[in-house]
Amino acid sequence: MARLNDDNVRLAIETIARYPRPRSAMIPLLHLAQEQDGHVTNEAMAHIADLVGATPAEVWGTASFYEMFKFEAVGKYVVNICGTMSCALMGADELIHHAEERLGVHVGGTTPDGLFTLERAECQAACTEAPCLQVNYRYRFRVSTESFDSLVDDLRAGRLDGEIPAHGTLATVRQQIPAGRGVGAVAPESVVSNPDWFDGKAAL
Amino acid sequence: MTTVDAGSEAIPAPESDPNAVSVTINGRTVEAHKGEWIIAAADRAGEYIPRFCYHPRMNSVGMCRQCLVEVEGPRGPMMVVSCMTPVAEGQVVRTDTPQVKRAQEGMIELLLANHPLDCPVCDKGGECPLQDQAFSHGPGESRFVEEKRHYEKPIPISEIVYLDRERCILCDRCTRFADDVAGDALIQFTQRGNNTQVMTFPDEPFASYFSGNTVQICPVGALTAKPFRFKARPWDLEQRESTCTTCSVGCRTVVQSSRDEIVRVQGVDSDPVNWGWLCDRGRFDFQSVNSGDRVLVPLVRRDGALATATWADALDEVATHLRGAGASTAILGGARGTNEDAFMWGRLADALGCTMRDAQLDDGLPAEVLAMPQATIDEACSAATVVLVAPDLKEELPVLHLRLRDAAMKKRIRIIEISAVETALTALAWRSVRCEPGTQPEAVAELLTDAAVMTQLASGSTVVVAGRANLAESASHTMSAVESLLAAAPAASVLPVLRRANVRGALSLGLAPRDGRDAATILHDAAEGRIECLVLLGSDPLSDVPDADLARRALAGARFVVSIDAFLSPSAAHADVVLPAAVAGEKDGTTTNLEGRVTGTAQKVTAPGTARTDWMIAAELAEMLGHDFGVATLVDVRRAMESGAPGWGEATSRLANDVDGVVVRRAPAAAHPVRRTAPGARNSHEFRLVLARKLYDSAIATRTSPALASLAPGAGIAVHPLDLERIGAVAGEPVRVVAGERAVVLPVSVSARVPRGTALSPFNQPGADIRELVRGTGALDVSIEVP
Amino acid sequence: MSGPSGTWQHAPGFWEGDRPRIVTSRFAHADSHTLERFLATDGYAGLRRALAMPAAEVHGEVRTATVLGRGGAGFPAGTKWGLAPEGVWPKYMVVNGDESEPGTYKDRLLMERDPHQLIEGCLIACYAAGLSQCFLYVRGEMALAQERIATALNEAYAAGYVGRNILGSRFSLDIVLHWGAGAYVVGEETALIESLEGNRGMPRLKPPYFPAAIGLYGQPTIVNNVETLANLPWIMRNGASAYTAIGTATSPGTRMVAVSGHVARPGVYEIVNGTTTFRDLIYGDEFCRGIRDGNTLKAFVPGGGSAPWFTPDQLDLPFEASRVGPAGSMLGSGAVMVMDHTTDIPRAALTLTRFYAHESCGKCTPCREGGTWLERILSRVVDGRGTMEDLDQLMEVGQSICPGDFPHASSSDLGLAAVPFPYKMTTICFVGPSAFVPVHSALTLFRSEFEERVSRRTRIPVRAVAP
Ligand SMILES: Cc1cc2nc3c(=O)[nH]c(=O)nc-3n(C[C@H](O)[C@H](O)[C@H](O)COP(=O)(O)O)c2cc1C
Ligand code: SF4
Ligand code: FES
């Protein structure tokens, strides 16, 4: 597994078509690759380069800019504990220490069973629910050391399988533009005038 | 630009700017052009603003923040980056306030924070903008006591370039160049923030034809080139401005030497030509000058073998044969030498009554292309339409490719391309027509029925870039296509694609064929024993003539062969006398580029052994034959050119202070009408062959330059993926390529850039020689078999 | 931790009190994100009214309402739309849902809890400003928001609210859900555009790249924040005058503010713009109900991590840019972070500086090098390994990022007069200066804490990882 598989190529082509420039689909396609393999492989980047008309180096340049893309295998669950201001004020550092002890790995490490990767994340836009964390980008709020432990237990026992997919899967719902309903990508070179509804008269 | 129409008077360049604005920089009022950046206006006014990321030939990014200045605004002075803030009428700029100084010092301190300061072992030390500006605009000491960023020390990112990420200051110059200018986005910023670093994709090297430019424009020692690493310290270098003679673009250079050895060539910014860029072949093939394979003394064939001889003996032998041969002497070559060389050889030929001369080797367009209305590079880059009936310019005239690419990217020109295979400009073309080899005239005829094309051609000036795209077909197809284009587009002109540096100078100064007796005819005559003395003036027919068999028979058939060359090329090895020649870098002179621009070439080092310049050899031979041209020095040659070569004489006398040179135009003597050779009907099972040049091939200067020698792709043949499937071949495996009863075995590859039914093979490559199949016909059809 | 992951959580008092609710009116309903609930509560009525008017009139209505941008800069939306050049087509809309400013938490709620309201806002804006395609850029880490918006868009397309001939009118528009992959700086509008073009999210220089003139693919592009757009349906339903009747003339309407940190009842509140004061918010009964555990207030950040800090001296300032700016800070993105007297100030400053250093895109020297340098010095100080010179050096490095006087609040304790916002900067965007903001505020207002840390050389033990 490395290049995008046939299903994902189909999704990729559909995604690319939504944008005036194929390259705009680069990040969504990288997510697709990460969903497929758990991380982004070199082969996938080269494949994406082909699909969007860029060089592999350009895909690598873009991909490596963003925090969420992993280029080596990570745990099934990436646990991101927020350590920015509001969470720090509410004990994030202590929670991170606890998590390190509980999981037996430093921040950045993956447990030997390949289940957990622990990360210290930046502000997750849940500041009023501090300290908070995300497991594969699913939130847990006002986390205490006890609730962290039971979260780990639940994940280990598979009790959250329905709710938290393996690392790589983001939204489980995708946008679908029905064939007859979509306008299609509006590329600069395809437009020579105002949209026809922008003519000084009401559209309805 | 100055233009001299040979024989007529010079046209003065109109230089008044309707877009002038006046701005005040540090209290002085200076003239600037509307839309130009403050930093450029300041440069011209002599107010230096420190900078790292700004490069006048690239889009500004304003990211190093070194060039901050203060501009008077409605709410007091504002700090702006001068590299990305345009001038405006009445603008008041200060580059010297305490606030600006503080910012400049602060920036240097921050840049040095993570810099390893390993200047003593850095190739850039002594010519390093960071070092210089730290001295002139820095705080003097660093207060950064933290541990610095660490990366693996220089890693090779290509066969030629090393990257030291610790020294990098992330100015985006190399990456911007690779991306925007060269179109080879193979190095990129990767990671983010403090960990940002320039890198290639894993296992995909920075294999760009232009990689050396990134080394030249790197403002620190982060990028270094293998050929110069640890060769010399910059302050030990001596240098002279010159012109690259690797191809006919004629990029301006500076040749640098240390202890009488050329160690580096750098690009010089000539506005009408190269904008400071060079291709890697032109930049690094100076290595061949230092090659141990140079011919150092004359060689004369004795008892079947070449033996060393004195100049006197060797010249004597040559003179004797020339005297005997008289008008049945033929001269091939001259395009690698200077204008002065060509002029003197032309005079010698005249003295001998020899009409058989050609500076090309049946591998370009006929000299008649120079009789058509001519265009300059600038004219092409500002034309409404540029029609390419030419080889892939990236492979043949790399810096012309950059100029046209830039013009197309900036939407200044529209490109119409007529080509058998996709080229590096196809993606930027407004129209790109695939046409089977030999059918260019039909393709043009069809194109001219397209109303949109006709409207486009009528919308402004048209420049036809014309060249020999396929060495396995007759040049006549291209010539007739160009003629129809010139007839259809009002005021169209031609920019000829000439392969070797001084084809134009040599053709114009006396080495053009007379009465249609071009290289092909001469070779046939030689093969049939009708040539008494064949002079190879820096030419190697065995390697360069498309029809290998013809070249072989010609060399065998000529009674006496003289080779004037720096290397014992395959053809020289067949000669009866070899005279060692000085090459570029070893002789002063001038050269004429493809547009007719005459620029200077400089002697920087002493020629090895007893090698002499071509013009000297001609002068001596003439004297021995009783024709005293009265030239003993280069000055004498130039004086002779003033009367003998209108335009060139005047041009050469003006060159001393003109980096951009002087355009001189004169059609070569006795243009000959072009005859069309029909391509012939084709068999549908066969492939029509395109034999095209690659930048790197077995050319002697490339082969003897260690940095480049390994870069030639090697012999092979490429077909469309579906064709590969049809013939049942496997990419990478050998196939038999058959034409009639001749066949060669080559590895096959696939390329979607080759249309179905066409096969593409690179010319003059190491490996099996596909030229064995070429027979000077209208077009060449081959079949491909899996052995 | 309670409830399933992703479920919106909040202190129950959130919807108490009878304040005007413009953008959070549906939040009390558990199914506020569904099309059904949306339609049952005036959903798409604003759009219908808009489409019955010529686009220019809709634009005029929004201009009159003076909807201040909620992304941080506070620029009025109607005015921004007017900056796009006429006669250049197509124009694009990019919705900024990349919410990542420390302390900021509102756009995610709006996307998760009322995605149709946002969609309706996008449609109204694109109609009014003549934009041809809309890209809804959601922060990468917000899986639930992406799901909710995808679901809402799918429903809306099927029901004819988005796509071709919306509501049977001549207006057609695609809204494309796009999402990022984790990079704070991408919230900056030009970086957002770079990112949407498939590039590294590095800001462009303004000028010349003002998105309204040269944005996505070089075309005129309007970038608006999620909350900004979420106001539009209400305005179209109730009229601009109803909107300006709330708040003050210069800051009309409401805004969402997240109050986090050491308050008794942290939460996101929709408050009246221009009149509500920080004291109301932090101590008010319907809001945060004071400092936790009866502690005392030490300092607060009034407008997201990039805003210079305030102390109790500034509590009576209202949410009004023209008052907060001269007082030395900014309202930014509607995020108040509260520190009580137990707060370790140097450490709090470090958290923020580390954030900005980590989030630097690396494009410009002062931010890339200076931010990290500040972080290094500061962590040394926090660890008890710093020197007094380090404290001066922090200010010196800051000078290379922000030359001249740096804004700060007044302090009655220290006898300090305020230096008004904004600052001068040597960087392209505000990330660089933001790394210096906490350092400067903390050092100016609480220098003694740093000196104490330095002179006592207290080391904070680093705990070992269990075997
Ligand atoms: C470093 C930086 C980060 C920003 N992050 C965000 C953000 O996460 N969300 C947002 O809406 N605006 C953000 N902005 C503001 C945007 O640049 C832009 O002003 C805003 O999206 C415009 O929308 P508005 O006019 O509706 O407020 C940020 C600005 C800067 C300089
Ligand atoms: S200030 Fe920082 S984040 Fe902003 S452009 Fe510069 S380097 Fe990037
Ligand atoms: S030279 Fe202007 S910012 Fe680098």
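The values are calculated or read from the model by the stated rules, or taken from the named source; none is laboratory data. None of these values were measured; they are calculated from a predicted model. Every residue, glycine as well, gets a Cβ built from its backbone with ideal geometry; the counts of neighbours run over all protein chains shown. These area figures cover heavy atoms from the full protein model, side chains too; ligands, DNA and RNA do not enter into them. Shrake-Rupley method; radii C 1.70, N 1.55, O 1.52, S 1.80 Å.
What to note about this one:
- Scanning region A:187-198 for residues that are closer than 21 Å to C:A56 by Cβ and either more than 7 Å from every other protein chain (Cβ to nearest Cβ) or crowded, with 17+ Cβ neighbours inside 10 Å (or both) returns A:V191, A:N194, A:P195, A:W197, A:F198.
- Selection within region B:552-571: residues that are small (G, A, S) and closer than 12 Å to B:R294 by Cβ. The member of this set that is surrounded by the fewest Cβ atoms within 10 Å (Cβ to Cβ) is B:S569.
- Matching residues, region B:401-436, being crowded, with 21+ Cβ neighbours inside 10 Å and hydrophobic (A, V, I, L, M, F, W, C): B:L402, B:L404, B:A407, B:I413, B:I415, B:I416, B:I418, B:A420, B:V421, B:L425, B:C435
- Across region B:353-374, the number of residues qualifying as of a type outside the set (D, E) and surrounded by fewer than 24 Cβ atoms within 10 Å (Cβ to Cβ) comes to 8.
- Any hit, region C:153-172, residues being part of a loop (DSSP other than H, G, I, E, B), within 16 Å of ligand 2 (Cβ to nearest atom) and open to solvent by 10 Å² or more (accessible area, probe 1.4 Å): no
- Helices (runs of 4 or more DSSP H) wholly inside region B:67-185 that include at least 3 residues being among the charged types (D, E, K, R) and within 13 Å of chain C (Cβ to nearest Cβ): B:98-113
- Selection count where residues are surrounded by 24 or more Cβ atoms within 10 Å (Cβ to Cβ), more than 16 Å from ligand 3 (Cβ to nearest atom) and facing another protein chain (nearest Cβ under 8 Å), scope region C:361-376: 3
- Of all residue pairs spaced 6 or more apart or on separate chains, those with beta-carbon atoms under 6 Å, a first member in region B:535-559 that is of a type in the set (S, T, N, Q) and a second member that is part of a strand (DSSP E or B) are B:S539/B:L332; B:S539/B:G333.
- Among the residues of region C:176-201, those that are part of a loop (DSSP other than H, G, I, E, B) and under 19 Å from the mean Cα position of the chain (by Cα) comprise C:G180, C:A181, C:G182, C:A183, C:E188, C:G201.
- Checking C:C126 against (1) touching a Cys at 6+ places or on another chain (Cβ under 6 Å); (2) at the interface with another protein chain (Cβ under 8 Å from one of its Cβ atoms), the condition it does not meet: (2)
- Where strands (runs of 3 or more DSSP E) sit wholly within region B:556-666, those with at least 1 residues that are acidic (D, E) occupy B:560-565.
- The lone exception for C:G415 - which of (1) more than 8 Å from ligand 2 (Cβ to nearest atom); (2) within 26 Å of A:A121 (Cβ to Cβ); (3) more than 9 Å from every other protein chain (Cβ to nearest Cβ); (4) not charged (D, E, K, R) it fails: (2)
- Applying the condition of being in contact with an Asp or Glu (Cβ under 7 Å, 6 or more places away or on another chain) and open to solvent by 20 Å² or more (accessible area, probe 1.4 Å) to region B:206-229 and asking which residue is nearest to B:G276 (Cα to Cα) yields B:Y209.
- Counted residues, region B:527-551 - those being under 29 Å from B:V289 (Cα atoms) and not in a loop (DSSP other than H, G, I, E, B): 11
- Close contacts from region A:121-137, counting a first residue that is at the interface with another protein chain (Cβ under 8 Å from one of its Cβ atoms) and a second that is part of a helix (DSSP H, G or I), with Cβ to Cβ under 6 Å and a gap of 6+ residues or different chains, come to A:E122/C:F355; A:A125/C:R108; A:C127/A:S86; A:A130/A:S86; A:A130/A:C87; A:Y137/C:A143.
- Among the candidates B:A729, B:A739, residue that is open to solvent by less than 10 Å² (accessible area, probe 1.4 Å), of a type in the set (G, A, S) and touching a residue at least 24 places away in the same chain (Cβ under 8 Å): B:A739
- For the criterion of being open to solvent by 10 Å² or more (accessible area, probe 1.4 Å) and over 16 Å from C:G74 (Cβ atoms), C:A249 fails.
- Screening region C:358-370 for residues that are within 16 Å of B:L111 (Cα to Cα) and assigned to a helix (DSSP H, G or I) and picking the one that is nearest to ligand 1 (Cβ to nearest atom) gives C:C367.
- So C:W89, is it under 22 Å from A:A203 (Cα atoms), at the interface with another protein chain (Cβ under 7 Å from one of its Cβ atoms), touching a residue at least 40 places away in the same chain (Cβ under 8 Å) and not aliphatic (A, V, I, L, M): yes
- Matching residues, region C:283-335, being assigned to a helix (DSSP H, G or I) and either crowded, with 24+ Cβ neighbours inside 10 Å or without any contact (Cβ under 8 Å) to a residue 60 or more places away in the chain (or both): C:Y283, C:R292, C:D293, C:G294, C:P312, C:R323, C:V324
- Looking only at region C:268-281, residues that are out of contact with any Gly (no Cβ under 7 Å at 6 or more places or on another chain) and buried (at least 21 other Cβ atoms within 10 Å of the Cβ) come to 7 in all.
- Remark: pairs (first residue in region C:346-375, more than 15 Å from C:S434 (Cβ to Cβ); second residue among the aromatic types (F, W, Y) and more than 16 Å from ligand 3 (Cβ to nearest atom); Cβ separation under 6 Å; 6+ apart in sequence or on different chains) = C:P346/C:F450.
- Counting only residues that are β-branched (V, I, T) and surrounded by fewer than 21 Cβ atoms within 10 Å (Cβ to Cβ), region C:383-411 holds 1 of them.
- Checked against the criteria, C:S441 does not count as surrounded by fewer than 21 Cβ atoms within 10 Å (Cβ to Cβ), more than 11 Å from chain B (Cβ to nearest Cβ) and out of contact with any Lys or Arg (no Cβ under 6 Å at 6 or more places or on another chain).
- Scanning region C:411-422 for any residue that is within 16 Å of ligand 1 (Cβ to nearest atom) and in the same structural domain as C:F355 (by TED's automatic domain parsing) turns up at least one such residue.
- Criterion (away from ligand 3 (no atom under 16 Å from the Cβ), over 21 Å from the mean Cα position of the chain (by Cα), surrounded by fewer than 24 Cβ atoms within 10 Å (Cβ to Cβ) and without any contact (Cβ under 8 Å) to a residue 60 or more places away in the chain) met by exactly one of C:G46, C:G82, C:G78: C:G82
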